[in-house]
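Novice: Below is the structure I would like to discuss, written out as structure tokens.
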């Protein structure tokens, strides 16, 4: 993949330049300013120069990640970019080779595992299951980090678990065992467990990967609402439209490195999408929701090789132009 | 796989963990006492249960009506230690089975899976074949225990080689070392010239509780009780481990340390049981399995109740074994396999139908 154009890391320094070139309207959230104002306070999650490799393959290469308290940070990037590895490093699941992670200002290495679980909950990408546990029993497990060794769940824990199941709309299958649930249902049950854990920081690894469109919206809306109430969330999200719509900040990873980061409008440019994902895209404002929208037009490889000039123009395309461009692009490939 | 659809929970499954635990424990404790009492009264010398009760009460300082000295001797020196050893063994096999099934995330795992039974057998066979067993009384259980622990260490060592421990390797190493130790035992049996020793070996391999004394209680029971308490304390962590290492880790479990402690405690309990009773089949497989069907997979319930149910099962089986063909005795290990295996197959067939009807 060395044929890539120069890396876009340290996106902030490039951002103004891109903005002037970019004709489309800017993101309305205005988060970058807010985020900058908070810089001096302690971040909820602060990873610095994280590196991790397995069998000489560098999965993370000096990755920085900062999530302010009460912020929803989206991790985007192609398969194998290191999103899952980054989430696993922050959540103490794997021990990274170099770098440091601070949770609410405390060094992750120095925190006892139990205490980490009180601060932070992880919703795994593939929800595992064990024969026989019911959905409710699994959600109750979220209470373990808060209980003493000789304690069992009390009425209060039941109430917390029930509330988490109501929020994720999983109460209708509370008494069903995990192996009888579909992948999407199980994924929501695991989110319910993470909520029952009452963490300060919620890490989600592609929380919507198995969900239907309705539940994708509902779950991300739920996370958004929780964040607005003060939770900090970091989520790996594949769907760029969803990421743009729900996250305060996006961090774009590729090949184990941060390529760019910032407000969704700054990160998700047609140019960046083409360089990092290899997809020719149009970025515009969706009239119905007012959110940033990304239309994926075609794999960019052919276009990039044959007509490098075209990349410059796609960056400033509007949605209507994109439709026209689509036929142009396909005929070009033929 | 095995226990599948629980559509609309029934019975114990609807209850909270604490209720499941207390009610289950109350029932099983009562059962332990009843079965023990009945077992104490049965045998070549018939002792009425009222006398049994008096004898026990008098030994803890109560004023009771007269009873025969011989009756007291039979109970104190023969039947009671045998029952206590049986209860300890049942307890050990029950908790170790539940733990192994949880650790391997597989209801087919049994306490012998990491080589403990085969190692114990080899230790015992060596003690008998070399004549050490005849030299002093505790040689046989000590050899068996050492063999069991050595085998467990070997299996664990193979699985942990290169620093990356894996449960799959542990399972495979267990299978391989079980086969290897079994081959050595067979070889010793074949080349052994002494018929008396041969008979003794076969007798031991079948597993039994005959002529167990308070000495046996003293060497096995403290180890078994300590391991059981340890497993009980870690049962919540085992619940999380059943969801996978990553899950457990993200929920605050120190996976490596927890797993090795669980394995060690289960191996210790099983090793102690094997040392005093030989290999008693099927208890560790069947007991946790049945309880899981009734009570659900929560190890905080499963582990303590497997201990009690295991005790009930072994005392009961031993009572039948020693009374069914009086004056001769059947070995308890033969009986548990004889009853356990068909029952287990029945269970498999029943649950298979459930899977297909889904």
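The values are calculated or read from the model by the stated rules, or taken from the named source; none is laboratory data. Please read these numbers as outputs of a predicted model, since none were measured by experiment. Cβ coordinates were reconstructed from backbone atoms using ideal geometry, including for glycine residues, and neighbour counts include every protein chain displayed.
Novice: At pLDDT 90 or above and more than 19 Å from residue A:276 (Cβ to Cβ): does that describe residue A:99?
Specialist: The answer is yes for residue A:99.
Novice: Separate question: Looking for something more than 14 Å from chain B (Cβ to nearest Cβ), more than 30 Å from residue A:296 (Cβ to Cβ) and within 16 Å of the chain's Cα centre (by Cα) - is there at least one such residue anywhere in region A:69-85? Don't jump to the end; show me each part of the working.
Specialist: Our first condition is that a residue be more than 14 Å from chain B (Cβ to nearest Cβ); within region A:69-85, this holds for A:69-83.
Retained after the next criterion (residues that are more than 30 Å from residue A:296 (Cβ to Cβ)): A:69-70.
Now restrict to residues that are within 16 Å of the chain's Cα centre (by Cα): A:69-70.
Checked region A:69-85: at least one residue is more than 14 Å from chain B (Cβ to nearest Cβ), more than 30 Å from residue A:296 (Cβ to Cβ) and within 16 Å of the chain's Cα centre (by Cα).
Novice: Determine whether region B:297-312 contains at least one residue that is more than 10 Å from chain A (Cβ to nearest Cβ), over 21 Å from residue B:13 (Cα atoms) and part of a helix (DSSP H, G or I).
Specialist: yes
Novice: Suppose the filter is surrounded by 15 or more Cβ atoms within 10 Å (Cβ to Cβ) and farther than 23 Å from residue B:210 by Cβ; does residue B:67 pass it?
Specialist: yes
Novice: Restricting to region A:139-170, and then to whatever is within 15 Å of residue B:15 (Cα to Cα) and in contact with a helix residue (DSSP H, G or I) (Cβ under 6 Å, 6 or more places away or on another chain), can you tell me which residue is surrounded by the most Cβ atoms within 10 Å (Cβ to Cβ)?
Specialist: Residue satisfying both the conditions and the ranking: A:140.
Novice: Quick one: which residue in B:267, B:257, B:273, B:197 is surrounded by fewer than 24 Cβ atoms within 10 Å (Cβ to Cβ) and modelled with pLDDT of 90 or more?
Specialist: B:257
Residues are listed down the side, and each one gets a yes or a no for (1) over 30 Å from residue A:57 (Cα atoms); (2) in contact with a strand residue (DSSP E or B) (Cβ under 6 Å, 6 or more places away or on another chain):
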| site | (1), (2) |
| --- | --- |
| A:202 | no, yes |
| A:205 | no, yes |
| A:226 | yes, no |
| A:233 | no, yes |
| A:245 | yes, no |
| A:252 | no, yes |
| A:255 | no, no |
| A:260 | no, yes |
| A:271 | no, no |
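Novice: Only one of these conditions is not met by residue A:87: (1) modelled with pLDDT of 90 or more; (2) surrounded by fewer than 19 Cβ atoms within 10 Å (Cβ to Cβ). Which number is it?
Specialist: Every condition holds for residue A:87 apart from (2).
Novice: To continue, here is another question. Please go through region A:135-161 and pick out each residue that is at pLDDT below 90 and more than 7 Å from chain B (Cβ to nearest Cβ).
Specialist: A:147, A:148, A:150, A:151, A:154, A:155
Novice: Go through region B:162-174 residue by residue and tally those that are surrounded by 14 or more Cβ atoms within 10 Å (Cβ to Cβ) and either part of a helix (DSSP H, G or I) or touching a strand residue (DSSP E or B) at 6+ places or on another chain (Cβ under 6 Å) (or both).
Specialist: Looking only at that region, the number is 7.
Novice: State yes or no: is residue B:118 within 17 Å of residue B:266 (Cα to Cα) and either assigned to a helix (DSSP H, G or I) or within 15 Å of the chain's Cα centre (by Cα) (or both)?
Specialist: For residue B:118, the condition - within 17 Å of residue B:266 (Cα to Cα) and either assigned to a helix (DSSP H, G or I) or within 15 Å of the chain's Cα centre (by Cα) (or both) - is met.
Novice: When the residues of region B:254-263 are filtered to those that are part of a helix (DSSP H, G or I) and under 20 Å from residue B:300 (Cβ atoms), which remaining residue is farthest from the other protein chains (Cβ to nearest Cβ)?
Specialist: B:263
Novice: Let me ask another. State whether one or more residues within region B:237-253 are more than 9 Å from chain A (Cβ to nearest Cβ), assigned to a helix (DSSP H, G or I) and out of contact with any helix residue (DSSP H, G or I) (no Cβ under 8 Å at 6 or more places or on another chain).
Specialist: no
Novice: Then there's this: Would you mind stating whether residue A:119 is closer than 25 Å to residue A:158 by Cβ, out of contact with any helix residue (DSSP H, G or I) (no Cβ under 6 Å at 6 or more places or on another chain), more than 7 Å from chain B (Cβ to nearest Cβ) and touching a residue at least 40 places away in the same chain (Cβ under 8 Å)?
Specialist: yes
Novice: Quick check on residue A:171: is it within 14 Å of another protein chain (Cβ to nearest Cβ), farther than 18 Å from residue A:229 by Cα and more than 25 Å from the chain's Cα centre (by Cα)?
Specialist: Against the criterion (within 14 Å of another protein chain (Cβ to nearest Cβ), farther than 18 Å from residue A:229 by Cα and more than 25 Å from the chain's Cα centre (by Cα)), residue A:171 does not qualify.
Novice: Mind checking which residues of region A:22-65 are modelled with pLDDT of 90 or more and crowded, with 20+ Cβ neighbours inside 10 Å?
Specialist: A:44, A:45, A:47, A:50, A:52, A:59, A:60, A:63, A:65
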